[in-house]
Amino acid sequence: MKKTIFVFSSIILGIFLLFKISSYGLVSGDLSMEIALGAIALVFFLLGLRLNAKRKNQSSNSATIDTQKIEELQITKREYEVLQAIAEGKSNKEIGEKLFVSESTVKTHVSSLLVKLNARRRTQALQIAKDLRII
C-alpha cells in the first residue's frame, strides 16, 4: 500500500513540475506552446505504456491454470466449460445456448461442479476455483 501511495504521489509531483516548467517556458518565451504540449503528451504516453506493461505482467502471472488440480477434482471438460461461462457471468440459459445443450443439462453440470468444489452457491464455487487457480 505504501508503494502505491509513493508511486502515485511521485506521478502527481512529476506532472505538477512538468506543468510548472512548461508554463515558465511559455512566459519567458523560450518555449513554444506546441513543444510544451508535446512534452506533456509524451510523458502521459510513456506513463500509460508503463502501466499497461505492468498490468499485462500481472495478468500473465495470475493466468497459470493448475491443470493437475482440475484432474484431481475430476472436473470434466464440459463442466470446466460451464465453470468458465459462470466466471463470465452467464446465466444457465446463456450457457446452454453457448454450449448447445439444454438448460437442464447446464443445471446438472453446475450441480456436479458445486459438489466437486464443495460449494453451496455459484459465487462460492467461483471463489474456490480462483483460490485453486483452476480459472
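The values are calculated or read from the model by the stated rules, or taken from the named source; none is laboratory data. Owing to the predicted nature of the structure, the values given are computational and were not obtained by experimental measurement. For the accessible areas, the whole protein counts, side chains as well, though only heavy atoms, and no ligand, DNA or RNA atoms are used. Shrake-Rupley method; radii C 1.70, N 1.55, O 1.52, S 1.80 Å.
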Point to revise | Spatially proximal lysines relative to K116 (Cα-Cα < 28 Å; intrachain offsets below 8 disregarded) | key: K69, K77, K90, K93, K98, K107, K130
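Solvent-accessible area per residue for the stretch 83-135 at a 1.4 Å probe radius, Å²?
63
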